[in-house]
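Student: A single structure is presented below for examination.
The values are calculated or read from the model by the stated rules, or taken from the named source; none is laboratory data. The structure displayed is predicted, hence computed values, not measured ones. In this analysis, Cβ positions are derived from the backbone assuming ideal geometry, glycine residues included, and neighbour counts consider all displayed protein chains.
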Amino acid sequence: MQNILYSNAFESETSLPQHLCKKCGKCCRVITTPYSHEELVKLADQGQEDAKVFVNTFKKYNSVAEAKAVVPEYVENIINNLRKFNSDFDESKLTFYYCPHLSDDNLCEIYQTRPDCCRRLPSNGWSLLAPDCAYKGWQFQQRERVKSIIRKLKEYLAELEIMPDTVVVKGYNKTVKEMKEIINSKIEPWKKYGADCW
């Protein structure tokens, strides 16, 4: 349990299976973020490095309809998934971007100096990809890996529930209450993907 609590077990694999990429260019032609364009610009102005790089690298579509005209099935996939995970989803606040550094043969013209967000794609098993993306199998494996870790954490949490909160857990030098807080903080970010049911 120690390695799960104090490691980067939830991080994406350090070496993505880049050989799977079909070089279709869809993920370069349609890009979005969890932030509105205004929020992203504000973060960039405040010095947030990832936001600055994003704003300086990618170009904004004028509308969702404009992005849909480029890769309709990908945009629809993104919108449908965002609706599924967020009942308050407002499509009008969604901004799509494209990379101006994509060549006509779907190759990156700045590959050696491409931003980290491109190097990390797909960042996890829940990244929204084009429906026919070759990373789908890899994503399934990543989701199953995270679900397995969450299940182990829940099992340990269940064991802790029968112990008084003030007891110090051997090997951790933390009280049961502190351990519960640590475990719940590890589980919380995954609830938006359905972790309560895993």
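Student: Condition (residue is over 17 Å from the mean Cα position of the chain (by Cα), outside the structural domain of residue 50 (by TED's automatic domain parsing) and outside any loop (DSSP other than H, G, I, E, B)) applied to the range 139-148: is it met by at least one residue? Show your work before the answer.
Tutor: We begin by selecting, within the range 139-148, every residue over 17 Å from the mean Cα position of the chain (by Cα); these are 148.
Keeping just the survivors that are outside the structural domain of residue 50 (by TED's automatic domain parsing) gives 148.
Cutting the leftovers down to outside any loop (DSSP other than H, G, I, E, B) gives us 148.
Yes: one or more hits.
Student: Could we say that residue 163 is part of a loop (DSSP other than H, G, I, E, B), among the aliphatic types (A, V, I, L, M), more than 25 Å from the chain's Cα centre (by Cα) and modelled with pLDDT of 90 or more here? Don't jump to the end; show me each part of the working.
Tutor: Values: part of a loop (DSSP other than H, G, I, E, B): yes; among the aliphatic types (A, V, I, L, M): yes; more than 25 Å from the chain's Cα centre (by Cα): yes; modelled with pLDDT of 90 or more: yes.
Judged against the criteria, residue 163 is a match.
Student: Taking the criterion of being under 21 Å from residue 123 (Cβ atoms) and at pLDDT below 90, would at least one residue in the range 54-64 satisfy it?
Tutor: Scanning the range 54-64 turns up no residue that is under 21 Å from residue 123 (Cβ atoms) and at pLDDT below 90.
Quick grid of which residues meet (1) under 30 Å from residue 20 (Cβ atoms); (2) at pLDDT 95 or above; (3) touching a His at 6+ places or on another chain (Cβ under 7 Å):
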position: 111; (1), (2), (3): yes, no, no
position: 116; (1), (2), (3): yes, no, no
position: 123; (1), (2), (3): yes, no, no
position: 132; (1), (2), (3): yes, no, no
position: 135; (1), (2), (3): yes, no, no
position: 140; (1), (2), (3): yes, no, no
position: 172; (1), (2), (3): no, no, no
position: 181; (1), (2), (3): no, yes, no
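Student: With basic (Lys, Arg) and in the same structural domain as residue 31 (by TED's automatic domain parsing) as the only criterion, which of 114, 151 stands out?
Tutor: Residue meeting the stated conditions: 114.
Student: Within the range 98-153, take every residue that is of a type in the set (S, T, N, Q) and without any contact (Cβ under 8 Å) to a residue 24 or more places away in the chain and give me the one that is surrounded by the fewest Cβ atoms within 10 Å (Cβ to Cβ).
Tutor: Quick first cut of the range 98-153, residues of a type in the set (S, T, N, Q) only: 103, 106, 112-113, 123-124, 127, 139, 141-142, 148.
Pick out the ones that are also without any contact (Cβ under 8 Å) to a residue 24 or more places away in the chain and you get 103, 112-113, 127, 139, 141, 148.
Numbers: 103: 10, 112: 5, 113: 8, 127: 15, 139: 16, 141: 12, 148: 13.
This residue is 112.
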